[in-house]
Amino acid sequence: MASRSQSPLLGIALLCLYVPSSRADTLKITSSPPGASVEINGISVGTTPYEEDVPGGYFHKTRTALGRRLQHPMTARISLSGYTTRELQMTEGPMNWVSLKGHNHGEYWLLKVNRFHVDLDPISKMFIGTISADIPKPGEAQGRVDLSAEPSLEDVIERAKPAVVRLKGLAKSGSGFFVTEKGVIATNAHLARGENSLLVLLASGQQLTAKIVHIDPDRDIALLKVEGDDFPCLTLAATSNVRPGETVLAVGNPGGGMPFTVTKGIVSAVGKFSAAGPGLWIQTDASLNPGNSGGPLLNSAGEVIGINTLKLERRSVSGINFALSATDLLAVLRKFYPALGPE
């Protein structure tokens, strides 16, 4: 039976102007299998199949000052125990609410369709393979001491490059990297958000289609899955192993440049940085540009210490770039790979 309510969207998720004559329409969210929890903008509103009566103005553009308009974007998360969680970008916008007389009434958003459907995938089929991680045991000395055994930087790149991928969506592109031999890819959530799938280009030239199997609600981390076996994958290193001053390499696909490029720098600092978002961040002077997002930040042993995420863009500022730590990525992966052990 459909879950139906008159209040959550109108009272919590949708802040709008009231006009009694506004014609109602029905918003529907369904899933296969049914019975999944539905959250809209972080508020639990019911289970699938879910229905909600909303003003028709949430679906149609306006040229008048009348009607009810959706005044902010809407995102839904559909989750069911044992299955992957799906995130839906339900709206498009913002658009300017300008009447025929030229008066600007502010911005509004429109629901893309009146029915959304998601197919939920069993976790057991999506999150397969083995995660390689360098995690110090309790009481174990932190940091790498024997540097003589580390490979040359040229060898590090030669080994790592096949595990790095180029990602393309409808209107954006970036990077990612394999974390299991069975086709699980890590990248940034801001690359995956709003996409149904992503095109994956390997360094060999092969093209694959990736399903988006997880977008973390808090961290800028997403997980993708492509079909196949024996993919080269990278080892993840805990943040406790990262030392300011150590050499790092950023691998990715900067827009306007050659694909699968490498930049070199050092770790400038490690810690929380609220301006960048939740999690532990690694600041580096290794050059990052649009398109590098989602690619790996490697240490001199070829281990992933972070996901290249953003750069600070201000006048008279350069060389301040940030990678979300591999410790944050491991925290996300633990939800699906309990063998990694507790944090």
In region 322-343, residues that are crowded, with 24+ Cβ neighbours inside 10 Å and more than 18 Å from the chain's Cα centre (by Cα) total 0
Strands (runs of 3 or more DSSP E) wholly inside region 156-231 that include at least 2 residues being aromatic (Phe, Trp, Tyr) and farther than 20 Å from Asp119 by Cβ: 173-178
Could you list, in sequence order, all residues of region 82-117 that are under 20 Å from the mean Cα position of the chain (by Cα) and under 23 Å from Lys182 (Cβ atoms)? Tyr83, Thr84, Thr85, Arg86, Glu87
Quick check on this structure: which one of Asp220, Asp229 is open to solvent by less than 50 Å² (accessible area, probe 1.4 Å), among the charged types (D, E, K, R) and touching a residue at least 24 places away in the same chain (Cβ under 8 Å)? Asp220
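Would you mention how many residues in region 294-343 are among the acidic types (Asp, Glu) and at pLDDT 95 or above? Give the steps one after another, and end with the answer.
First, pick out the residues of region 294-343 that are among the acidic types (Asp, Glu): 303, 313, 328, 343.
Next cut, at pLDDT 95 or above only: 303, 328.
Here the count works out to 2.
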Conditions: (1) aliphatic (A, V, I, L, M); (2) open to solvent by less than 30 Å² (accessible area, probe 1.4 Å); (3) in contact with a Lys or Arg (Cβ under 8 Å, 6 or more places away or on another chain). Leu199 meets all but one. Number of the miss? (2)
Within region 314-330, residues over 14 Å from Val248 (Cα atoms), touching a helix residue (DSSP H, G or I) at 6+ places or on another chain (Cβ under 8 Å) and not aliphatic (A, V, I, L, M) come out as Thr327
Filter region 107-128 for residues that are free of Cβ contacts under 8 Å to residues at least 60 places away in the same chain and either open to solvent by 30 Å² or more (accessible area, probe 1.4 Å) or more than 27 Å from Thr26 (Cβ to Cβ) (or both) and give the result. Glu107, Trp109, Lys112, Val113, Pro122, Ser124, Lys125, Ile128
For region 235-278, which positions are crowded, with 22+ Cβ neighbours inside 10 Å and farther than 20 Å from Gly319 by Cβ? Leu236, Ala237, Asn253
Among the listed residues Ser293, Ser268, Ser318, which satisfies the condition of being more than 25 Å from Phe127 (Cβ to Cβ), in a loop (DSSP other than H, G, I, E, B) and either touching a Cys at 6+ places or on another chain (Cβ under 9 Å) or not β-branched (Val, Ile, Thr) (or both)? Ser318
Looking only at region 70-97, count every residue that is buried (at least 19 other Cβ atoms within 10 Å of the Cβ) and touching a helix residue (DSSP H, G or I) at 6+ places or on another chain (Cβ under 9 Å) and tell me the total. 5
The lone condition Gly291 fails out of (1) on the phi > 0 side of the Ramachandran plot; (2) surrounded by fewer than 17 Cβ atoms within 10 Å (Cβ to Cβ) is (2)
Candidates Leu199, Leu249, Leu234 - the one that is modelled with pLDDT of 95 or more and over 29 Å from Ser152 (Cβ atoms): Leu199
Name the single residue that is surrounded by the most Cβ atoms within 10 Å (Cβ to Cβ) among those in region 48-69 being modelled with pLDDT under 95 and closer than 24 Å to Ser32 by Cα. Glu52
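The values are calculated or read from the model by the stated rules, or taken from the named source; none is laboratory data. On a predicted model such as this, the values are computed, not experimentally measured, just so you know. Cβ: placed from backbone, ideal geometry, glycine included. Neighbour counts: every protein chain shown. Heads up: the accessible areas ignore ligands, DNA and RNA and are worked out on the full protein's heavy atoms, side chains in. Shrake-Rupley method; radii C 1.70, N 1.55, O 1.52, S 1.80 Å.
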